[in-house]
1. Residues in the range 42-62 that are without any contact (Cβ under 8 Å) to a residue 40 or more places away in the chain and within 12 Å of residue 31 (Cα to Cα): how many?
2. Do the conditions hold for residue 73, that is, is it without any contact (Cβ under 8 Å) to a residue 40 or more places away in the chain, more than 27 Å from residue 21 (Cα to Cα) and surrounded by 12 or more Cβ atoms within 10 Å (Cβ to Cβ)?
């Protein structure tokens, strides 16, 4: 692909993408930006981050973020929930 970092849409399966790229590209994502980060509760954010982390077969080369970018209207509480879930 000629890139070292890829911020895919949140619908993309990270395990499949990591396999297709032979885990040679760092992935940036993949929490749904609108439905979870902007419209969800802090509990929804925590759950989404945990499911993402637990679902990864290989946890290297992943930077947790919103898949595709941050939506407008994300609350400070949801950002804090995201950070706390990643740190755990």
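What follows draws every value from the coordinates through simple rules; no lab data is involved. Owing to the predicted nature of the structure, the values given are computational and were not obtained by experimental measurement. A quick note on method: Cβ atoms are made from the backbone with ideal geometry, for glycine too, and the neighbour counts reach across all protein chains shown.
1. Qualifying residue count for the region: 9.
2. The answer is no for residue 73.
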